[in-house]
Every structure is written in structure tokens, then in C-alpha cells.
1. Could you tell me which numbered condition Ile300 fails, if it satisfies all but one of (1) under 16 Å from Pro196 (Cα atoms); (2) part of a loop (DSSP other than H, G, I, E, B)?
2. Looking at (1) surrounded by 13 or more Cβ atoms within 10 Å (Cβ to Cβ); (2) under 22 Å from the mean Cα position of the chain (by Cα); (3) assigned to a loop (DSSP other than H, G, I, E, B); (4) among the acidic types (Asp, Glu), can you tell me which one Glu158 breaks?
3. State whether one or more residues within region 318-336 are farther than 16 Å from Gly203 by Cβ, free of Cβ contacts under 8 Å to residues at least 12 places away in the same chain and part of a loop (DSSP other than H, G, I, E, B).
4. Where residues in region 166-185 are of a type in the set (Asp, Glu) and under 24 Å from the mean Cα position of the chain (by Cα), which of them is farthest from Thr362 (Cα to Cα)?
5. Can you tell me which residue in region 6-31 is farthest from Gly116 (Cα to Cα), limited to those that are touching a residue at least 40 places away in the same chain (Cβ under 8 Å) and of a type in the set (Ser, Thr, Tyr)?
6. Just need a number here: residues in region 410-424 that are within 28 Å of the chain's Cα centre (by Cα) and among the basic types (Lys, Arg).
7. Step by step: first the residues of region 322-362, then only those that are over 22 Å from Arg407 (Cα atoms) and surrounded by fewer than 19 Cβ atoms within 10 Å (Cβ to Cβ), then the one that is modelled with the highest pLDDT. Which residue is that?
Amino acid sequence: MSPWRVRSLEEADLDQVVRIWEEARDTTADPAVSLAEVVGALHADAPAVVAVVGDQVVGAVVSSVAQERAWVLRLAIARQWRRHGIGSALLAALEERLGQVGVRRIGALLPEGEVGEQAFANSGYTGRPDLGYFEKQLTGDSAEATMLDQLGGEVPAEGLWDGIAGMSEEKTLIERRLVLPLENPAVAERYRLVPPRAVVLFGPPGTGKTTFARAVASRLRWPFIEVFPYQLADDAHGVAAGLRRLFARVEHLEEAVLFFDEAEEIASERLDPTTLAHRVTNELLKLIPQFRRGKRRLLICATNAVRSLDPAFLRPGRFDYLIPVGPPDAEARRAIWIRYIGPDRAAGIELDALVEASDRFTPADIEYAAHTAAQRAFERHLAVGPQQSADRTQLTGDYLQAIAHTRTSLTEEDIRAFDHDLRAAARV
């Protein structure tokens, strides 16, 4: 027979590996780990090796790692290639890789009589007849809750959508394009409208992109998972591997809003194939089509610089819409001021003066200035009493002084860049 060799499992091997697992079983007992779990581990870059003859895979072993402990999830060898030492060689190669990531104990669970028993024995693994195997099947809700907790996600509080003040143009657009089709899938299907699966929100910093994304999840009553690109990498894996792990986990959720802030860090324009950024962008381009198969999942990416995203992201097919979220106009600023001052107290404030003075303020800037003014009025109330602290002119002065001492987030350059992006990139 032709010589065989052992190497790391590659993505192109998966179909052959699955076929061996299905065809080479020696017992009718269910394996301890399902095939779906094993494939999920592979998508998350779990250590795995294969034995190959030419381009043909004849054996495979896959593991999972949790700190210093690893588990062999599946070991399979094609029937015609058994008793050639392949099982022991696969385990030896796997152990080498596991040792490199700090593993000190390796365990395996397999039905009695299943392929691999002899290989484990020959490789120095000790059977434990004193141990019993216990299993608990979690309900779908319990499993989802566990996965959501691991991802740091939660369903936002109700009412966030209604609480967005001002920005009525952006709010109306996002509601019509995103929320309504996802809230009414049957009506959308009647008119052959495919609800959105992925969108980009772009605009200057502080204009409320994150607020809109969270409010969409609140309105839909879907879990909201916010991801910052710097969180994806760890000491053992790169950002691309972190992306794969993240998307593999999200696939287990029936519904979710997955939100990436500062998306330009994982989707920058590909200029040099040798760079890490190029590999990360390629990985995300491959993951988005798979994510789009979920009917009740929405990917929202926010960026301050849509022009820096790779052109492949800006074409239809990956992102359904590129929605601008710009600085608030005068009407929007008035609504935002009323929200933070309060409708009752706003009647005693010269709102026109505040709106004019806060030109070029973002919603975040207005919130900061309103808080500063409220703190000043609060301290005066405690110092001199309510009668001398609630004068209309004095309160207006508090807000105007707070505005004067607030450094606006937006520069003229920011506004010019947004106007350019609005003309060149918006797709609504």
C-alpha cells in the first residue's frame, strides 16, 4: 500500500473526514460527542490532525481544549487502513500540538468496541473502569442562555427605541429598512422581500450608531452581542481565528443582533496580501455569507470611516444597506435637549439659544453638556435653596456655560468627510 503521512487538518479535508466518521464506526452506540459538536470545534480552530495518502484522507482525530485539560472528541480510521499504526501516529501528532498550547491531561470518551480503543491503549492511555459517564441534555433555551452568557450578550431593556430623541430621519430610515421587515417576515415574504441580514452604519463619532444598534435589538427583543475587534485575539490565536470562533458560536443562537464597533479594524481595504489585516478581512468576507443563512440574525457594523472599508464589503450581496448616521440638525438638537432637560423643565429654558449654541454637537456632546449644567444647578440648589436657584435666565445660563466648556466631537474635516461618504457610499 502507498505510504501515509500525518499533517494538520485543513478546511478542504472536512468532507472526507465526515465521510470516514460516518462509514468507519464499529458500534451502533451513539458517540459521546455528536458530529455537529465536532464540526463546530473544527470551525473554532480546535487542534486536529489527519492521516493522508496522497490527497486522500484515511484517518482523523479532533480535540477540544480547556486550559490544561483536553478531550479527544473523535478518532476515525478508514477500514482498509487499520492495523498500520495510523491511530497511534495520529494521537502522537495531536499530543504534540496539545503540549504546545499548555495541555497536561488528555481524556477520551468512546462507546465500548468503537474504533480507537487499541490505539489509545498502545499510546499509553489508561482505562478508568472506576468512572461512570453521566450526561444531561439541556433544553434549547438553556443551551442558548449558556452560549449567550459566554458571548457577553443580553436582550436590551424594552423602550430603547422609543427613547431615541431627535435623529428622526435616521430613525425612520432604520425602522423601515431593518426593523419592520424583521418584525413582519410573513408580509415581507408575500412581496418577495428578503429581510436584511447585514448592514453598515457609518458616520462621525458620537452620532449614535451604537445607540441605534442596541435600540434595534431592544425593539426586536433579540439578544444583543457587542464585539470590539481587539477582543477577538488572544495569546494562542489570531484575530482571524477569533472571528471564526465567534461566528461558530453565534450560529447556535436562533436570533441575535451581532454588533461590531470600529469595523474598519477587521474589514480594512486589502492592499498587501502579506499583512495580518489582509488575512482578517479575507476571513470576514468568508464568514458573512454563512452568517446570512440565519433568518433571525442581524449583523450590524459601525464605522467612522466607511471609505477605509474594503470595497468588497460595500457591494450588494454582503451588506444589504450602508446607512448614514450624521450629526443632528437643529430640530434634532432641540429634541435631544428636551430629552435631557426634561419636558417640564424645558418650558423654563431658552431652547432656541441652546440649539444655536450647540451647532456641530453630537448627541453625546449634548448629553455631556446637559449633565454638566444639571450638576451646576444641583450644587446651587443645595447652597442657596430652590427659590434662588430656579430662575429661568440663570438655568439657561447654566446650559450655555456648559456648552461653551464642552469640546465638540466634530471638526470641519469630520463633517466634510461625512458629506463625501454620504455621496459616495450610502446605499439605503
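1. (2)
2. The one condition Glu158 does not meet is (1).
3. No - not one qualifying residue is present in region 318-336.
4. Here the residue is Glu183.
5. Looking at the filtered set, the residue picked out is Ser8.
6. 0
7. Gly342
Condition check ((1) surrounded by 18 or more Cβ atoms within 10 Å (Cβ to Cβ); (2) over 24 Å from Ala240 (Cα atoms); (3) outside the structural domain of Val103 (by TED's automatic domain parsing)) across all residues:
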site: Glu23; (1), (2), (3): no, yes, no
site: Ala29; (1), (2), (3): no, yes, no
site: Ser34; (1), (2), (3): no, yes, no
site: Leu42; (1), (2), (3): yes, no, no
site: Ala51; (1), (2), (3): yes, yes, no
site: Gln67; (1), (2), (3): no, no, no
site: Ala76; (1), (2), (3): yes, yes, no
site: Arg82; (1), (2), (3): no, yes, no
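The values are calculated or read from the model by the stated rules, or taken from the named source; none is laboratory data. From a predicted model like this one, the values you see are computed outputs, not experimental measurements. FYI the Cβ positions are ideal-geometry reconstructions off the backbone, even for glycines, and counts take in every protein chain you see.
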